[in-house]
Amino acid sequence: MPNNPATPAAICFDLDDTLIDDAGASSAGLRAVMERLGHPDFGAARSLWDVQTEISFGAYLRGELSLDQQRRERIRALAVQAGHSEISDHHCDELYRLYLETHRSSWQVFADAHPALQALGSAGLRLAVVTNGPEQMQHPKLQSMELAGYFHTVVCADTAGAGKPEPRIFEAAAQRLGVDPADCWHVGDQVQADAVGAVASGMRPVVIDRQRRAGDEGLTTITSLDELLSMTGVSGPAPAGTL
């Protein structure tokens, strides 16, 4: 990991797969839809779902599809793979509701999230969430996971007028936090959306690689939020049983 610059005044966090295990929740939702469709191959379904989500959700962020349209595209791709060549909008919507219900019931916060956010906030850093997820879903998610109280602001693509990696969403977060982007770090799991966007806005990117994938040696990469505390010089909570 490269040498660390001065401690930031503020830190922005991606939400899904940075603070919350979205991949696990998404897999649970996907399996529920697969069962309804009679889809037998989770590996093939997972690969297709990830690719189609990148395509369709990217089109939604660019204003080319509505939220419902991009959801239907993803369900239809999965249905075709399962052997269903025709599926109505209504059926797509029903299946996506099933996906969402199962997904939501499977949310889990990573074990290091609460301690790290508590420590950073107690040290006086201003904290924000910057996410491409729709705002109507992000606030309930933060509330249900008891994360909302740590953050000074939550900036979502659909209400900010731009999604990651566009610099505007990062700049909006810095403005709401009352800091210059140069005094802000952004922590996220995606190189393109999080790191590239942060650099373009003037923020320092920190990539969290919980799966220990091969990363870009030019980027600061951590595998847990405990490492983020070390980088900022903030002390974490004392181990259990320590006086």
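The values are calculated or read from the model by the stated rules, or taken from the named source; none is laboratory data. Just so it is clear, the model here is predicted, and its values are computed rather than measured. As a convention, Cβ positions derive from the backbone with ideal geometry for all residues, glycine included, and neighbour counts pool all protein chains shown.
Table for the structure above
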quantity	calculated
Residues of region 132-159 satisfying the condition of being within 19 Å of ALA10 (Cβ to Cβ) and either among the aromatic types (Phe, Trp, Tyr) or out of contact with any Phe, Trp or Tyr (no Cβ under 8 Å at 6 or more places or on another chain) (or both)	GLN138, LEU147, ALA148, GLY149, TYR150, PHE151, HIS152, THR153, VAL154, VAL155, CYS156
Test: SER66 is surrounded by fewer than 16 Cβ atoms within 10 Å (Cβ to Cβ) and hydroxyl-bearing (Ser, Thr, Tyr)	yes
Only one of ALA25, ALA45 that is crowded, with 19+ Cβ neighbours inside 10 Å and modelled with pLDDT of 95 or more	ALA45
Residue pairs meeting the criteria (Cβ under 7 Å; at least 6 apart or on separate chains; first touching a residue at least 60 places away in the same chain (Cβ under 8 Å) and closer than 18 Å to LEU19 by Cα, in region 217-228; second of a type in the set (Asp, Glu) and crowded, with 18+ Cβ neighbours inside 10 Å)	SER224/ASP112; LEU225/ASP112; ASP226/ASP112
Residue within region 165-178 that is over 19 Å from THR7 (Cβ atoms), free of Cβ contacts under 8 Å to residues at least 60 places away in the same chain, outside any helix (DSSP H, G or I) and not aromatic (Phe, Trp, Tyr) present	yes
Close pairs from region 117-134: first touching a residue at least 60 places away in the same chain (Cβ under 8 Å), partner outside any loop (DSSP other than H, G, I, E, B) and of a type in the set (Lys, Arg), Cβ under 8 Å, at least 6 apart	ALA128/ARG176; GLY133/LYS141
Residue list for region 181-237, restricted to those being more than 16 Å from ILE169 (Cα to Cα) and either in a strand (DSSP E or B) or of a type in the set (S, T, N, Q) (or both)	VAL206, VAL207, ILE208, GLN211, THR220, THR221, ILE222, THR223, SER224, SER230, THR232, SER235
Qualifying positions in region 117-176 - of a type in the set (Ser, Thr, Tyr) and over 14 Å from the mean Cα position of the chain (by Cα)	SER122, SER144, TYR150, THR153, THR159
Qualifying residues in region 136-164 (those that are among the charged types (D, E, K, R) and modelled with pLDDT of 90 or more) - the one nearest to CYS184 (Cα to Cα)	LYS164
All positions within region 5-22 that are of a type in the set (S, T, N, Q) and at pLDDT 95 or above	THR18
Residue in region 196-213 that is touching a residue at least 40 places away in the same chain (Cβ under 8 Å) and among the acidic types (Asp, Glu) present	no
Condition met for LEU61 (aliphatic (A, V, I, L, M), within 19 Å of VAL191 (Cα to Cα) and in contact with a Ser or Thr (Cβ under 8 Å, 6 or more places away or on another chain))	no
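To keep it simple, each residue is scored yes or no on (1) in contact (Cβ under 8 Å) with a residue 24 or more places away in the chain; (2) within 17 Å of the chain's Cα centre (by Cα); (3) not in a helix (DSSP H, G or I).
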site: THR18; (1), (2), (3): yes, yes, yes
site: LEU30; (1), (2), (3): yes, no, no
site: VAL33; (1), (2), (3): yes, no, no
site: ALA44; (1), (2), (3): yes, no, no
site: TRP49; (1), (2), (3): yes, yes, no
